[in-house]
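For reference, the structure is listed below as structure tokens.
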Amino acid sequence: MNQRIPVVEKILNANDRLAAENRRLLDEHGVFAINLMASPGAGKTSLIEQTVPRLAAELRLAVVDGDIATSLDADRAAAAGAIAVQINTGGDCHLDAVMLQQALAQLDLRAVDLLIVENVGNLVCPASFALGTHLSVLVASVPEGDDKPYKYPGMYRGVEALVINKIDLLPYVPFRMDYFRQGVELLNPGLRTFPLSCRTGEGLEAWLDWLRGETRRRQGEHR
Amino acid sequence: MHELPVAQSILDITLRHAGQHNARRVRTIYVVIGQLSSIIDDSVQFYWDMIAEGTLAEGAKLEFRRLPAVLQCQACGEKYTPLPGELACPKCESMQVKVISGEEFYLEAIDIEN
Ligand SMILES: Nc1nc2c(ncn2[C@@H]2O[C@H](COP(=O)(O)OP(=O)(O)OP(=O)(O)O)[C@@H](O)[C@H]2O)c(=O)[nH]1
Ligand SMILES: [Mg+2]
Ligand SMILES: [Zn+2]
């Protein structure tokens, strides 16, 4: 006999299931985790270098650095004072939940309040691979150009906060902030945005306040 | 580009439901994809044929139903399906729009023999 069976079930891949496990592990240990995504060179590691020493007095920080082959970024994060774990993706253009799971196993999560994951520099693939982190943050930067929201909508739609880095370069490169923000608003209405410069420190306070607040709030929920 | 894990998930769901209904064979699998959802193309069927081999779902056909995106203008309320590469409201040109649908990606039904 032939029969049609209605199913209606969301297609979740194995990665999403592992991401859910990572999330549970993080929550169990009261760790608040963010996934930093950006194109290569936007300033992910620079932002980590600026953030870590400024929060170190109040929060216990760890950094997981995704990189195709080197440990340069993890070394920079460690030099800034964070506990740092390097993941080499061996050619993959994004981190996935399995890689984060392996990195988490190397950390004493009980001794961490805030975990910053630096994803591989790429504006396409990381958006499709949930890691289990609580929030995704995109680091855009002025020299990349103001058309990026229009060209990489998937990335701009999938994040909970946006850093606009390298605002110190606004006088030197053509970047229409209105046009950029219009694209962002179209894709992700009301997105929280932090224009800043890792070079001059301008705008960093608002970012740090937000990160502090989010960490405390999440920890409160899971205590 | 990342179709293999998707094919794997479709297979997991299919086999679970096929098992619950004592299926001998799965003939067709109906998948719904919104226009704004991740780009899945014919290579899913290719991976599918590979991973479904030796299971109840070997040889099953994947039928994709694409749903158009529906956006709603936050300025004038117009509901519309955008043309490729365009998102702004066709009536008032506002860029303040909300996605009503188009991000679906789910398995809708399976045809089995039992
Ligand atoms: N002018 C200026 N340069 C910056 C700023 N932030 C970072 N840079 C520079 O941008 C370059 C790339 O910064 P990184 O922090 O390494 O960027 P990244 O996103 O971690 O790069 P990958 O990990 O290789 O993808 C470095 O030369 C930084 O010195 C900024 O606010 N202003
Ligand atoms: Mg880096
Ligand atoms: Zn309108």
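When B:ILE29 is tested against (1) under 30 Å from A:ASN188 (Cβ atoms); (2) within 14 Å of the chain's Cα centre (by Cα), exactly one condition is not met: (1).
Checking each residue in the stretch B:72-97 for being under 17 Å from B:GLN35 (Cα atoms), open to solvent by 50 Å² or more (accessible area, probe 1.4 Å) and part of a loop (DSSP other than H, G, I, E, B) picks out B:THR81, B:LEU83, B:PRO84, B:GLY85, B:GLU86, B:LEU87. Of all residues in the stretch A:147-180, those being within 14 Å of chain B (Cβ to nearest Cβ), of a type outside the set (Ser, Thr, Tyr) and in contact with a Gly (Cβ under 8 Å, 6 or more places away or on another chain) number 2. Residues that are buried (at least 19 other Cβ atoms within 10 Å of the Cβ) and in a loop (DSSP other than H, G, I, E, B) within the stretch A:135-159 comprise A:ASP146, A:TYR152, A:VAL159, listed in sequence order.
Can you find a residue in the stretch A:56-66 that is more than 11 Å from A:VAL120 (Cα to Cα), touching a Lys or Arg at 6+ places or on another chain (Cβ under 9 Å) and near ligand 1 (Cβ under 10 Å from one of its atoms)? Scanning the stretch A:56-66, I find no residue that is more than 11 Å from A:VAL120 (Cα to Cα), touching a Lys or Arg at 6+ places or on another chain (Cβ under 9 Å) and near ligand 1 (Cβ under 10 Å from one of its atoms), so the answer is no.
Being open to solvent by less than 90 Å² (accessible area, probe 1.4 Å) and either touching a His at 6+ places or on another chain (Cβ under 7 Å) or within 21 Å of A:PRO153 (Cβ to Cβ) (or both) is a description that does not apply to A:GLN219. For B:PHE105, the test of being closer than 24 Å to A:PHE129 by Cβ, away from ligand 1 (no atom under 16 Å from the Cβ), open to solvent by 20 Å² or more (accessible area, probe 1.4 Å) and free of Cβ contacts under 8 Å to residues at least 60 places away in the same chain is failed.
If you check A:ASP67 against the conditions, is it at pLDDT below 95 and within 13 Å of ligand 2 (Cβ to nearest atom)? In short, yes. Residues in the stretch A:81-94 that are part of a strand (DSSP E or B) and open to solvent by less than 50 Å² (accessible area, probe 1.4 Å): A:ALA84, A:VAL85, A:GLN86, A:ILE87.
The values are calculated or read from the model by the stated rules, or taken from the named source; none is laboratory data. Keep in mind that what you see is a predicted model, and the values were worked out from it rather than measured. Cβ coordinates were reconstructed from backbone atoms using ideal geometry, including for glycine residues, and neighbour counts include every protein chain displayed. Please note that ligands, DNA and RNA were not included when accessible areas were found on the heavy atoms of the full protein model with its side chains. Shrake-Rupley method; radii C 1.70, N 1.55, O 1.52, S 1.80 Å.
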